[in-house]
């Protein structure tokens, strides 16, 4: 076991993972583009069904790293009837706390377990659409890209949500209502904002920006029946930090996730009342996270009804998907490198090595972008006035 753990520390192994992801990602982007050009104009329903598999094939490679390579296990807490009868079988608007470096991956993990990973979408910054592989894939998969200018974004939200929830299969759309990832600086600004306005100060969250949420309600009524409130937390005593570096080094993480199903009819239609509803939800979410961090239970001191826990088992399809892409990608790349070397084609050989180095560098940059210390300053230097 010790030798296997040492093997996972090797940069060569990390390079192989990076080569597989980036090579397959470019192939998948090309397939997505072909579908966009040749299938979507003719049959949007078929296009969206096929897009599910393209997106799943890309995203599940990171699920492989978490589930199979690192051996992580997620515990999900949800009402028994909601979990068995509804989860993975309906369109959903997700509201999730945004505190950890890999909270997005934890969201993908539960989506993968429930069979909706290929139709998992999110509100994202417009600049991301220009990022190769993930950004291009999200753009071709019809994500909701925003400018962080509400006058422009309101129209985008109205139009794009009708697209997202017209998909023939269950689609989950993530809205990070806090607007940005939690950092000490942003939390300080959020606390100041709340105190100045007589609002409840949140300990584990930022004050939510309500405009994006309220602008989303009208377009989805009649299309999306529910909101899932997701509360994600890690135990303070966990030995491995919840980061991509931990996973890449084969160190497991253990996320705990409380999901609550809220029918959309329970959310007021009036904009001010809906905004107040969201604020109250985050006050409740803060109590839930506080209870978990203090007692190890989401329920002991939060006042929330206790529900069953489900330990989600890893699925074979993510392993098979990664292995197939790894065999294809690595065999093609190393065949080219070896034949170039044997033929003394130094130009091709140096080019191939440069590409390998580029992919390794890109992996480092991608991991770097997930780190909290590298998060954007959005929300830290100005008041979080409900955008």
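The values are calculated or read from the model by the stated rules, or taken from the named source; none is laboratory data. Note that the structure is a prediction, hence the values are computed from the model and not measured. Using ideal geometry, Cβ is built from the backbone for each residue, glycine included, and neighbour counts are taken over all protein chains shown.
Is it fair to say residue 104 is at pLDDT below 95 and in contact with a strand residue (DSSP E or B) (Cβ under 9 Å, 6 or more places away or on another chain)? Spelling it out, residue 104 is indeed at pLDDT below 95 and in contact with a strand residue (DSSP E or B) (Cβ under 9 Å, 6 or more places away or on another chain).
Going by the structure shown, is residue 236 at pLDDT below 95 and either surrounded by fewer than 19 Cβ atoms within 10 Å (Cβ to Cβ) or under 30 Å from residue 154 (Cβ atoms) (or both)?
yes
Taken together, the residues in the range 123-153 that are modelled with pLDDT of 90 or more, within 18 Å of residue 214 (Cβ to Cβ) and surrounded by fewer than 19 Cβ atoms within 10 Å (Cβ to Cβ) amount to 0.
Here is a check on your reading of the model: is residue 278 closer than 30 Å to residue 223 by Cβ and touching a helix residue (DSSP H, G or I) at 6+ places or on another chain (Cβ under 6 Å)? For residue 278, the condition - closer than 30 Å to residue 223 by Cβ and touching a helix residue (DSSP H, G or I) at 6+ places or on another chain (Cβ under 6 Å) - is met. With respect to residue 288, is the statement that it is at negative phi, in contact with a helix residue (DSSP H, G or I) (Cβ under 6 Å, 6 or more places away or on another chain) and surrounded by 19 or more Cβ atoms within 10 Å (Cβ to Cβ) true? No, not satisfied.
Residue by residue, here is whether (1) outside any loop (DSSP other than H, G, I, E, B); (2) at pLDDT below 85; (3) in contact with a strand residue (DSSP E or B) (Cβ under 7 Å, 6 or more places away or on another chain) holds:
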site: 301; (1), (2), (3): no, no, no
site: 341; (1), (2), (3): yes, yes, no
site: 358; (1), (2), (3): yes, yes, no
site: 363; (1), (2), (3): yes, yes, no
site: 376; (1), (2), (3): no, yes, no
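When the range 190-213 is filtered for residues that are surrounded by fewer than 19 Cβ atoms within 10 Å (Cβ to Cβ) and out of contact with any helix residue (DSSP H, G or I) (no Cβ under 8 Å at 6 or more places or on another chain), the ones remaining, listed by number, are 191, 192, 194, 195, 196, 197, 198. The condition (being part of a helix (DSSP H, G or I), within 29 Å of residue 115 (Cα to Cα) and out of contact with any helix residue (DSSP H, G or I) (no Cβ under 9 Å at 6 or more places or on another chain)) is satisfied by just one residue among 265, 254, 294: 265. Taking the range 1-100 as the region of interest, the helices (runs of 4 or more DSSP H) fully inside it that hold 2 or more residues being under 21 Å from the mean Cα position of the chain (by Cα) are 11-38, 44-64.
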